[in-house]
Amino acid sequence: MVEAVLIDMFSLPANLQNNIQGLLHNTLEAIEKCSAIHAPCVYVMCCQRQGSERKGEQEFLLSALRSFQSLKRRLEVVCAQTTAAALYTVKQRLDENDLSIIKVILPTLRKDLMKVYIDHLFTAVYQFEFEDLQVVSDCENLQLSEHQHEGQTLPSQNVALIHSEIQMYLESLPSLKGELTILRSSLIPDDIFLHGFTTRTGGISYIPTLSSCNLFSSSKRRDPQVVVKENLRRLANVAGFNPEAFHRVKVDHANAVCIMGKTEPDNYDGIVTNQKGVTLAAPGWKGTLLGVSMATVNAMVSEYGCNVKDILVVLGPSVGPCCYKLPHESAKEFHRIDPKCVRLFDSASPYIDIRRATRILLERGGILPENIQDDSITDQNQNITFCTACHPDKFYSHFRDGNNFGTQIGFISIKD
């Protein structure tokens, strides 16, 4: 069942007000008639014009809407100067109401154009169907089609213009939840390396569990890739790295390692390079039991001739032993590494210290204890290994927020 209806009147000229008013009236009448029980949210998208022209256009739209009392509370006119701005505002309204099945009623000539905007601004969480803007005479026209929108058919230069318009609009948006903040380790020499751990502030992601500097997009989340790319651009600007030379792991929750310059595996949890100006990033802590940390160390030794005793390791923010629970059977794996990695082992859901487990595995592999920085350091002013679950104002947490969680990263590069 359709949860929302978007009526696209953005490109219709203001000098056709009488025709548009009748068209809008008939369209809303059909929506009201066919949705008497489960009225969808309705958004009318139009161009924000200047001066008296703008005032007159808004007045005729409001006049057309006044008679639809049953839709009154669920109907909104969204005016903006660009399609990108208007559609992004509509997306915010959809997300506020947790809506994902949308009918788009629009002029035929706008259909291919709108599909490109939607491909950029939405993810697979949403389902769209399209209908020509015309007099709707029967209820069947408001039933959801099983077919999602097909691939874009516009010339590539038009697609590029749309992408540029979206990018410019996103760049104009204010940062949310404060300024962008980066945590840095005192162990890593800043004259050689550029590095840091991100927090959740300073981006443009607005969905509560993703707000605001979310750095990962997937088909299961509501943050599209263009928003994540803008968050990354802002991070790169503050941190000082080139976002076009940015590489992040393709998480598989295992121990595969990618060697920059060699054939890239389909999935991997570690990545190493000796190239200057290339920024590497990883989002998380899975793969501890499979030894991804030592697999990465071993790759550095075998590929670049590193001495294991010279390798520095910084453990960034992660869920801590204060919060992280696992079923007893899963906890046994950490208990085998060292009993100190598990708290309340005899309980049904013991607390797990994945940081301690990582440190122990690294030290067994030859990393010097003093070359590992984590939350066990004496000077807590230098501690950057915070519990992500305990600090919702600073960090995202899968453990705390569930599947629709945001992602922070740790990143590093060799300075040019």
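The values are calculated or read from the model by the stated rules, or taken from the named source; none is laboratory data. Here the structure is a predicted model, which is why all the values come from computation and not from measurement. Cβ sites come from the backbone with ideal geometry, for glycine too, and all protein chains shown count toward neighbours. When the accessible area is computed, the model is the full protein with side chains, heavy atoms only, and any ligands, DNA or RNA have been set aside. Shrake-Rupley method; radii C 1.70, N 1.55, O 1.52, S 1.80 Å.
So here's what we get for this one:
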| item | result |
| --- | --- |
| Checking ALA331 against (1) in contact (Cβ under 8 Å) with a residue 24 or more places away in the chain; (2) buried (at least 19 other Cβ atoms within 10 Å of the Cβ); (3) in a helix (DSSP H, G or I); (4) of a type outside the set (S, T, N, Q), the condition it does not meet | (1) |
| Pairs, first of a type in the set (Gly, Ala, Ser) and loosely packed, with under 15 Cβ neighbours inside 10 Å in segment 186-202, second outside any strand (DSSP E or B) and at pLDDT below 95, C-beta under 6 Å, six or more apart | SER186/GLN382 |
| Residue within segment 228-240 that is open to solvent by less than 30 Å² (accessible area, probe 1.4 Å) and part of a loop (DSSP other than H, G, I, E, B) present | no |
| Members of segment 241-272 found to be touching a residue at least 40 places away in the same chain (Cβ under 8 Å) and assigned to a loop (DSSP other than H, G, I, E, B), listed by number | PHE241, ASN255 |
| Qualifying positions in segment 375-396 - out of contact with any strand residue (DSSP E or B) (no Cβ under 9 Å at 6 or more places or on another chain), surrounded by 13 or more Cβ atoms within 10 Å (Cβ to Cβ) and more than 14 Å from VAL319 (Cα to Cα) | SER376, ILE377 |
| Which listed residue is touching a Leu at 6+ places or on another chain (Cβ under 9 Å) and surrounded by fewer than 19 Cβ atoms within 10 Å (Cβ to Cβ), from PRO243, PRO224, PRO265 | PRO243 |
| Complete set of residues in segment 361-374 that are hydrophobic (A, V, I, L, M, F, W, C) and crowded, with 16+ Cβ neighbours inside 10 Å | LEU361, LEU362, ILE367, ILE372 |
| Top-ranked residue in segment 298-328 [being within 25 Å of SER186 (Cβ to Cβ) and polar (S, T, N, Q); ranked as most open to solvent (accessible area, probe 1.4 Å)] | ASN307 |
| Options ASN255, ASN242, ASN298: the member that is of a type in the set (S, T, N, Q), at pLDDT 95 or above and over 30 Å from HIS120 (Cβ atoms) | ASN298 |
